[in-house]
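Heads up: the structure comes next, in structure tokens.
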Amino acid sequence: MTEPVQPLTDETRNRAGRPKGAKNKLPQQLKQALMASFERAGGEKYLLQVAMDDPKTYCALLGKILPAELKLEGQVTGEIIHKVEQEIIDPQSKAPSP
């Protein structure tokens with residue numbers, strides 16, 4: 001019969017690993033490289049151009065960065081109405097479309 005596994009203690013813990021809470025360097029370096037390439041590609045102007053030229057790709061990007069689920073707190077005081085609208089906005093226009 002095998003002995004039960006003992007919990008790790010300060011004496012038995014591997015001290016050679018990354019400290020608790022330390023960030024992994026590779027994702028950090030990748031994020032920095034992506035941000036640098038984004039700025040070189042034109043930053044916000046580049047994203048606007050993608051939105052105008054290829055809305056499907058732009059919306060796919062939005063879908064990846066927006067939260068999949070929103071948690072709202074509060075009380076409902078009336079009838080719940082579900083409505084989804086889509087509005088295409090011309091970034092060149094100063095005023096919103098009617």
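All of the numbers you see were taken from the coordinates with simple rules; none came from a lab. Fair warning: this is a prediction, and the values are worked out from it, not measured in the lab. Neighbour counts are summed over all protein chains in view; Cβ atoms, including those assigned to glycine, are modelled from backbone coordinates with ideal geometry.
Helical content alone sets the calculated 222 nm signal of the chain at -12000 deg cm²/dmol, taking -39,500 (n - 2.57) per DSSP H segment of four or more residues and averaging over every residue. Straight-line cross-link partners of residue 31 among the lysines, defined as a Cα under 25 Å from its Cα and at least 8 positions apart when in the same chain: 20, 23, 45, 56, 64. Here the Gaussian network model covers the chain, with springs between Cα atoms less than 10 Å apart; of 29, 75, 49, 75 fluctuates the most. Against the chain, whose longest principal axis comes from its Cα atoms, helix 25-41 is set at around 20 degrees. Panel order for 11, 44, by other beta carbons found within 10 Å of each beta carbon, from fewest to most: 11, 44. Here the 3J(HN,Hα) profile of region 48-56, calculated from phi with Karplus coefficients 6.51, -1.76 and 1.60 at θ = phi - 60°, is 4, 5, 4, 4, 7, 7, 9, x, 4 Hz, Gly and Pro shown as x.
Of the residues 2, 57, the one with the fewest other Cβ atoms within 10 Å heads the list, and the complete ranking is 2, 57. Among 46, 58, a tally of other beta-carbon atoms within 10 Å of each Cβ gives an order, fewest to most, of 46, 58.
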